[in-house]
1. Taking the Cα centre of segment A:80-141 as origin and charging only Cβ (+1 Lys, Arg; -1 Asp, Glu), how large is the dipole, in debye to the nearest 20?
2. About its Cα centre, how strong a charge dipole does the protein assembly as shown have in debye, to the nearest 20, once Lys and Arg get +1 and Asp and Glu get -1 at the Cβ?
3. Can you give the average number of partner chain beta-carbon atoms within 10 Å of each beta-carbon in peptide A:80-92, as a whole number?
4. Mind sorting A:216, A:45 by how few other Cβ atoms lie within 10 Å of their own Cβ, fewest first?
5. What whole-number volume per residue, in cubic angstrom, does the convex hull of the C-alpha atoms of segment A:12-299 give?
6. Near the amide H of residue A:102, under 5 Å away, which other amide H atoms are found, from residues 5 or more places off or on another chain, if H is placed in the peptide plane?
7. Place a point 7 Å from the Cα of residue B:246 along the Cα-to-Cβ direction; which residues of segment B:20-63 have their backbone N under 18 Å from it?
8. Measure off 7 Å from each Cα along the Cα-to-Cβ vector at residue A:204 and residue A:29, then give the distance between these two points in nanometres to one decimal.
Protein chains: 2
Amino acid sequence: MIGRVPQAAFDLAEWSGIRLARVERALSDWVVADAPAGLGDAMRYAVLDGGKRLRPLLVIAACEAVAGNEEAALRAGCAVELIHAYSLVHDDMPCMDNDILRRGKPTVHVKFGQAQALLAGDALQALAFELLAPEGDAVPASIQATLCRMLACAAGHAGMAGGQAIDLASIGLSLDEAQLREMHRRKTGALLEGSVMMGAACGRTDAGERAALRAYGRALGLAFQVVDDILDVTADSATLGKTAGKDADQNKPTYVSVLGLERSRAYARELLDEALAALDGSGLADTRALHALAIMVVDRDN
Amino acid sequence: MIGRVPQAAFDLAEWSGIRLARVERALSDWVVADAPAGLGDAMRYAVLDGGKRLRPLLVIAACEAVAGNEEAALRAGCAVELIHAYSLVHDDMPCMDNDILRRGKPTVHVKFGQAQALLAGDALQALAFELLAPEGDAVPASIQATLCRMLACAAGHAGMAGGQAIDLASIGLSLDEAQLREMHRRKTGALLEGSVMMGAACGRTDAGERAALRAYGRALGLAFQVVDDILDVTADSATLGKTAGKDADQNKPTYVSVLGLERSRAYARELLDEALAALDGSGLADTRALHALAIMVVDRDN
């Protein structure tokens with residue numbers, strides 16, 4: 001490991017167990033089965049019983065680091081997860097990556113048909129914003145509006161959707177490291193960084209704290225992708241729960257193809273160091289959950 | 001016409017000319033061309049130089065009727081138009097309606113490919129919510145949050161996306177009039193009613209005014225669809241700017257197939273009466289633009 005434990009011992013499994021249970025219950029409550037004509041079934045299939053819920057955990061950990069509004073963080077965490085889930089549904093479709101396996105199960109379009117998969121993805125994106133703007137005063141309107149803005153930016157043309165467009169256009173091209181970083185900063189990084197910043201937006205922060213959390217989120221987002229590229233080469237499909245070796249088969253540029261496996265592993269460690277250093281310098285009282293989540297991202301095997 | 005002009009003479013062409021110019025300029029400014037890898041081009045193609053902009057005009061007219069915040073209404077109008085535009089892009093794709101002509105031009109997937117069309121639709125939906133939640137204080141946070149909630153509900157599983165799922169499931173079935181109304185209330189009605197209510201949410205209203213505007217929006221939304229079904233049978237593709245006779249070819253239930261042409265025309269008139277009566281009873285000072293827009297919806301030929 002990284003050999004630096006800046007704060008009192010912390011049990012990530014215990015911390016995340018409680019929060020994951022809350023997230024799963026909220027997702028099950030909010031992703032409604034009574035949407036018409038099978039749409040609800042497809043939406044629930046895309047979201048429930050799968051996924052590591054890394055993004056909701058990042059939102060909640062950042063919210064706790066700034067002692068923010070818990071209801072806002074739960075909603076924001078679920079909203080980010082819905083955006084992530086919808087992007088996987090659309091990404092797996094035949095006109096995109098054409099994948100049939102996800103989280104060890106048939107992909108949504110395989111199970112429900114392409115048209116329903118398209119609609120389920122669209123409805124999940126709308127539901128994400130619905131979750132962020134509840135009636136009543138449990139979440140102040142200023143936080144609701146800020147969260148909507150941040151999620152829209154992270155998900156849209158300047159973030160995830162833009163990164164996917166670059167990804168599409170890059171098939172068969174040889175990108176250099178800077179171009180690859182730019183693609184991933186948008187494609188996966190924007191939503192991970194956005195998760196951290198949305199959590200922070202559930203409470204009060206000063207500019208220095210926000211800058212530190214942004215540096216953490218950015219390094220973690222990139223580390224996540226580097227590790228993803230490594231696992232695509234080194235893990236098997238059963239462990240990954242999705243088709244391994246897919247990037248290489250599709251002739252997509254990856255960190256492994258650009259840097260090689262050894263240098264990619266070292267780069268993931270450097271990024272982890274960078275993320276943890278940003279936390280250490282943040283001045284925030286308790287960043288242990290964020291710290292442990294960053295280590296988990298780099299040490300995961302799926 | 002309907003033979004009832006409750007307020008001073010009103011020139012819809014003059015009124016809407018000024019507002020349309022504002023909407024077109026705002027859409028052109030906000031739907032950015034610099035999104036990466038051709039995504040911006042596909043987004044702009046889907047949105048600009050086409051469409052009657054009925055939804056933005058409804059938002060603005062309702063906002064003016066309640067003397068609301070103009071900047072909020074411009075943003076809400078453009079946001080609703082982006083949702084409408086994205087739904088057309090996805091709806092035209094081969095796995096849905098498989099249409100190649102829209103507003104007299106090749107559809108987005110024909111021009112840019114299916115993957116880019118999918119992403120452009122996704123990015124347009126995200127941009128809609130981004131427009132509703134600008135930084136700064138030109139639009140109060142409480143209005144931003146309310147508009148996000150209303151748009152998400154109108155676009156999602158309980159609204160447009162849900163209606164499209166019913167539409168998909170209904171191909172080849174014979175629906176009765178109640179089922180057909182339920183489908184259209186969601187598929188096209190929710191966003192039209194939502195346009196009116198979002199405009200109203202840009203200002204202050206009492207419960208009676210909101211109920212009247214909702215009744216107006218609901219009747220107008222249904223009238224719009226009845227007229228659409230009539231035009232699908234009676235107009236040619238050149239006038240419509242999209243493929244005529246498509247519903248019948250695809251064996252989709254329509255008002256014309258359920259009620260017949262004559263009864264459908266009478267029903268559109270009844271709904272117009274209902275919409276105008278709701279306005280008359282609203283107690284709002286100036287509903288002339290809303291009045292004229294309802295008449296335009298029923299009297300249009302494309």
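1. Details: 4 positive and 9 negative charges, 74 e Å.
Approximately 360 debye in magnitude.
2. Values: 60 positive and 80 negative charges, 1 e Å.
Charge dipole of the protein assembly as shown: 0 debye, to the nearest 20.
3. On the way: counts 0, 0, 0, 2, 0, 0, 2, 2, 0, 0, 6, 3, 0.
For peptide A:80-92, the averaged partner shielding equals 1.
4. Values: A:216 30, A:45 22.
Ranking A:216, A:45 by Cβ neighbours within 10 Å, fewest first, gives A:45, A:216.
5. 118
6. The answer is A:107.
7. B:45-55, by backbone N distance to the label point.
8. 2.8
Laboratory data are not the source of any read-out in this text; all were calculated from the coordinates shown. All figures in this text were calculated on a predicted structure; none of them were measured in a lab. Virtual Cβ from ideal backbone geometry, glycine too; neighbours counted across all protein chains shown.
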